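The values are calculated or read from the model by the stated rules, or taken from the named source; none is laboratory data. Model, not experiment: these values are computed from the prediction. Here the Cβ positions follow ideal geometry from the backbone for every residue, glycine too, while neighbour counts run over all protein chains shown. Only protein heavy atoms, including side chains, enter the accessible area calculation; ligands, DNA and RNA are left aside. Shrake-Rupley method; radii C 1.70, N 1.55, O 1.52, S 1.80 Å.
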Amino acid sequence: METIRNRRSVRRFRPDQLRREDLDLILEAAIWAPSGHNAQPWHFLVIQDKQKIDEMSEKTISLMSRSPIDWVSKLAGREGYHLFHRAPTVIVVSGKKPGNDLLFPQADCSAAIQNMLLAAESLNIGSCWIGLTGFLFAIPEETEALGIPEDCQPLYSVCFGYKDDAFVPPAPPRKEGKISFYQARKP
């Protein structure tokens, strides 16, 4: 519970790259996530090339700037905004394309991401789940250039890095009224 309560979306990282043993533990946590019928429909692409990460950020921000969603286009227009917060490692999480025998790969991949986020926190590594890469992933040429297997579709990205200790966000308060218990009606 302590790891769960302490985990935050970190948006400031030190520039040093993750140690391979730390990255391997994060990836191991991902592949041990639960999945429907043990399908394990995920694929993880690790990107540690700063130039590629910067390029993906720039292209995504350009696409975001044309979004009809006000907060998305405003975020894209922020001075100095970097989609991955200048993290040294980005993992693109893809799921197998739904088919006759596979129903919910997005849910399974989300469980794998949660495992990665918690594993990272247990190692005192910062992380941030990035859904906005969906703008980039909507362009087939971009996903093809990443070398993602043809039977998979990229869903999300997660950035990782050692936390900049000068900035660790405080815990936001939890919203009330989000839990209820079913009670059978009496006839």
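A few remarks follow.
- Rounded to the nearest whole angstrom, the semi-axes of the ellipsoid equivalent to region 139-187, taken from the Cα gyration tensor as √(5λ), stand at 40, 27, 8, largest first.
- Virtual spin-label span in nm between Arg20 and Leu146, 7 Å along Cα→Cβ: 2.4 nm
- The residues of region 37-172 have, on average, 51 Å² of accessible surface per residue, using a 1.4 Å probe with all protein chains present.
- Site-free segments of the chain were taken between GluC sites (Glu not before Pro) in DSSP loops having at most 12 other Cβ atoms within 10 Å, sites themselves excluded; the longest one is 1-78.
- Whether region 76-187 is rounded, prolate or oblate, judged on the alpha carbon gyration tensor where a/c under 1.5 counts as rounded: oblate
- Each part reduced to its alpha carbon centroid, region 1-53 and region 96-165 end up 9 Å apart.
- Within the chain, helix-based [θ] at 222 nm, where runs of 4 or more DSSP H residues each add -39,500 (n - 2.57), nearest 500: -10500 deg cm²/dmol
- Length-normalised contact order of the chain in % [C-alpha pairs under 8 Å, at least 6 apart]: 35 percent
- According to the Cα-based calculation, Rg over Rh for region 58-109 is 1.14, with Rh computed by the Kirkwood formula.
- Label point at Leu75 placed 7 Å out along Cα→Cβ; residues across region 131-154 whose backbone nitrogen lies under 13 Å: 131-136
- For the chain, the carbon plus sulfur part of the accessible surface works out to 53%, probe radius 1.4 Å.
- Dividing the convex hull volume of the alpha carbon atoms of region 1-91 by its residue count gives 164 Å³ per residue.
- Looking at region 132-187, the trypsin sites (Lys or Arg not before Pro) that sit in a DSSP loop and have at most 12 other Cβ atoms within 10 Å of their own Cβ are Arg174, Lys175, Lys178, Arg185.
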